[in-house]
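These notes are about the structure you will find just below.
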Amino acid sequence: MNAHLWLLVGYSAVLVGAGLAVARLVRGSSDFFVAGRRLGVPLIFATVLAANIGAGATVGATGLAYRDGLSAWWWSGSAAIGSLLLALFVGPRIWRIAKDHNLYTAGDYLEHRYSPTVRAVVTSLIWLGTLSILAGQLIAGAAVLTVVADVPRTTGILLSAAVMTVYFVAGGLLGSAWINALQLVVLLGGFAFALPMVLATAGGYQAVAANPAVPDSFGSFFHSSGPGSGWLLIALVPAFIISPGLMQKAYGASSARAVRWGIGLQALALAGFAFIPALFGMAARATNPGITDPNLVLPTVLADQLPVALGALGLAAVYSAEVSTCDALLFMLATSLSKDLFKRFLRPQASDAQVLAVARWAAVAGALGGVLFALWLPTVTDALRIFYALLGVSLLVPVVGGLYSRVGANGAMASILAGMAGLLVTRFVLAPRFPWLDPTLAGLLLATLAYVLAPRGRGIARAA
C-alpha cells in the first residue's frame, strides 16, 4: 500500500477504536439518542460543524468551483445561513420543548405539535431523503480511495460504509459528538496546511482568476448559471434550519444557551470554511484543466500537487468530512425508525433496551440502503440535492410554523403534500420548459400557502 492509503487505514482504525471505547458510556436510549442532554457549547459546536462539513461541502463544492469558480461558496454558505437561523430562532425554542416533554426525535416534536399521522408521513420522507445524502458521502469516500489506491468505486463505497457504521452503532450521539471533535481537528488542520500550497502551485488567487482558460465569471461571488449554481444555491437554506439530524444534535445540548452559542459560532466558522473548497476548485481548474469527473477534483489535487505527507493529511481531512457527516445521517435513520415507527406504532410497550437494539439495527439497514443509492447516483451533488429539496419542502413550514403559530394538523399535512407536489411538478414538468424555475423554491412557496390557507382542525399549538 502507498503512504496515502496507509494513513487512511490507520485513521479509520482510530475512529472505530474511539467509537467502541465511548460505547461503554452508552447505558440507555437517552445516551444514544440525545447524549443524556449534556453537550456543552464546545461539543455542540464541533458535532454540528463536523456534520455540516461533509462530502457536499468538500468534494461536491470543489467540483462546483472547478466549473463555476468563486460562487461555489454558496454551497456551504447557504448551510451557514440556515445554521444561523437555527441557532437564533428555532434551536433554543425547540430545545426547551424537547426537554420539557422528553422528546428525542423530530418525529416526537411533530406528533406533540400536530398528530401521529404527520409524524408517520414525515418520518417516511426523512428515510427516503436521508438515504440519498448518505449515498453522497459514500461516493465521496470512494472517490478518495480511487485516487490514492485505484480502489474500484464499489469497493470504496463498501469500505467507507463499514467504517462509519461500526463506530456509530457502538456509540450513538454520545460517541459521535466526541469523535466529531477529533475529526474536526484533522479536517481543519489538513485543509489549513494544504490550501496555501495548492494556491501557490497555481500562481496565487489573482493568477487563477485571470487565467485565460477559465470563464470570465470565475472570480464573481454572485455568478449563477441557473438553479443548482452560484447564489441560487440559497434554496438550500431551509434544509439546514430544520434538518432532523441537526435538530436532534440540538436536543442533546445541556441548555438553550449551548444551542444558541454552539450552533451560532459554528455557522460563522462554516461561512469562513466555505471559501476553502471554492479556492481548491479554482486552483484545480488552472492547473488540471482536463478533469472530467467532479467527484475526483479535490482528491486529485491533494494527491498530485502536494508532498506525500501533506497530501495524505489533506486526504484524511476529506475522508474525515465524509465520515463525520455519515454518522449524523445514520443517527437520523436510526432514531426515526426505532423511535418514530417501531416504538410509536409497532411496539408501544417496547423496553428501553429493545428500542436501543432496534436503533442500532436500523443504522445497519440505513447503511446498506445508502450503499445501494451510492451505486445508482453518479455524483455527490446529484445525491445531496435530492435530500435538501425533499427536506426543505416537507419540513420547514410545519416545524417553524409549529413554533410560531397555532395552525393545526390539517395545515401541516396540507403543507407537506403541497410542497412535495410543487417540487415534483416543477422539477419534471415545468423546469424542462422554464429552466430558471427552482423546484425547491416553488415547493416552499406552495407549502407556505397551503399551511396558511388550510382549514383549521385539531392539533392546536402546545409548544408555548
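Please count how many residues of region 270-293 are closer than 23 Å to GLY141 by Cβ, under 19 Å from the mean Cα position of the chain (by Cα) and not in a loop (DSSP other than H, G, I, E, B). Even if it seems obvious, please write down each step before you answer.
The first filter runs over region 270-293 and keeps only residues closer than 23 Å to GLY141 by Cβ, leaving 270, 273-274, 276-281, 283-284, 288, 291-293.
Applying the additional criterion that residues be under 19 Å from the mean Cα position of the chain (by Cα) yields 270, 273-274, 276-278.
With the extra rule that they be not in a loop (DSSP other than H, G, I, E, B), the set shrinks to 270, 273, 276-278.
Matching residues across region 270-293 total 5.
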- When you scan region 85-166 for helices (runs of 4 or more DSSP H) that lie fully inside it, which ones turn up with 3 or more residues that are of a type in the set (A, V, I, L, M)? 91-101, 116-149
- Query: In this structure, does GLN266 turn out to be of a type outside the set (Val, Ile, Thr) and in contact with a Lys or Arg (Cβ under 9 Å, 6 or more places away or on another chain)?
  - Reply: no
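Kindly indicate whether LEU329 is in a helix (DSSP H, G or I) and under 24 Å from LEU391 (Cα atoms). Spell out how you get there, then give the answer.
Working: in a helix (DSSP H, G or I): yes; under 24 Å from LEU391 (Cα atoms): yes.
The answer is yes for LEU329.
How many of the residues in region 439-453 are farther than 19 Å from LEU232 by Cα, surrounded by fewer than 23 Cβ atoms within 10 Å (Cβ to Cβ) and not small (Gly, Ala, Ser)? Lay out the reasoning, then the answer.
To start, the set of residues in region 439-453 that are farther than 19 Å from LEU232 by Cα comprises 447-453.
Still in the running and surrounded by fewer than 23 Cβ atoms within 10 Å (Cβ to Cβ): 448-450, 452-453.
So of that shortlist, the ones also not small (Gly, Ala, Ser) come out as 448-449, 452-453.
Number of matching residues: 4.
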- Query: Of all residues in region 120-147, which are more than 19 Å from ALA239 (Cβ to Cβ) and of a type in the set (Val, Ile, Thr)?
  - Reply: VAL144, THR146, VAL147
- Message: Can you tell me which residue is farthest from THR47 (Cα to Cα) among those in region 345-356 that are modelled with pLDDT of 85 or more and surrounded by 15 or more Cβ atoms within 10 Å (Cβ to Cβ)?
- Response: ALA350
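For (1) within 20 Å of VAL122 (Cα to Cα); (2) assigned to a helix (DSSP H, G or I); (3) at pLDDT below 85; (4) not small (Gly, Ala, Ser), each residue gets a yes or a no:
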residue	(1), (2), (3), (4)
SER338	yes, yes, no, no
LYS343	yes, yes, no, yes
VAL358	yes, yes, no, yes
GLY366	yes, yes, yes, no
LEU375	no, yes, yes, yes
ARG406	yes, no, no, yes
MET420	yes, yes, no, yes
THR440	yes, yes, no, yes
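Is it true that SER217 is touching a residue at least 60 places away in the same chain (Cβ under 8 Å) and in a loop (DSSP other than H, G, I, E, B)? Give the steps one after another, and end with the answer.
On the way: touching a residue at least 60 places away in the same chain (Cβ under 8 Å): yes; in a loop (DSSP other than H, G, I, E, B): no.
Taking the combined requirement at face value, the residue does not satisfy it.
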- region 215-233, subset buried (at least 17 other Cβ atoms within 10 Å of the Cβ) and not small (Gly, Ala, Ser), residue farthest from GLY82 (Cα to Cα): PHE218
- Exception for ASN180 within (1) surrounded by 19 or more Cβ atoms within 10 Å (Cβ to Cβ); (2) under 23 Å from TRP75 (Cα atoms); (3) more than 18 Å from the chain's Cα centre (by Cα); (4) not hydrophobic (A, V, I, L, M, F, W, C) falls at (3)
- Message: Just checking, does region 316-332 include any residue being hydrophobic (A, V, I, L, M, F, W, C), over 27 Å from ILE44 (Cα atoms) and at pLDDT below 80?
- Response: no
- Query: What are the residues in region 89-132 that are within 16 Å of PHE345 (Cα to Cα) and among the polar types (S, T, N, Q), if any?
  - Reply: THR105, SER115, THR117, THR123, SER124
- Task: Select from region 85-133 the residues that are within 17 Å of the chain's Cα centre (by Cα) and farther than 24 Å from CYS326 by Cβ and list them in ascending order.
- Result: LEU85
- Message: Quick check on ALA359: is it in contact (Cβ under 8 Å) with a residue 40 or more places away in the chain and under 20 Å from the mean Cα position of the chain (by Cα)?
- Response: yes
- Note on the structure: Checked region 422-438 for anything surrounded by fewer than 18 Cβ atoms within 10 Å (Cβ to Cβ) and either touching a Phe, Trp or Tyr at 6+ places or on another chain (Cβ under 7 Å) or assigned to a helix (DSSP H, G or I) (or both); matches are LEU424, VAL425, PHE428, VAL429, LEU430
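The values are calculated or read from the model by the stated rules, or taken from the named source; none is laboratory data. Keep in mind that this is a model prediction, so the values were computed, not measured. Note: ideal-geometry Cβ built from the backbone for every residue, glycine included; neighbour counts use all protein chains shown.
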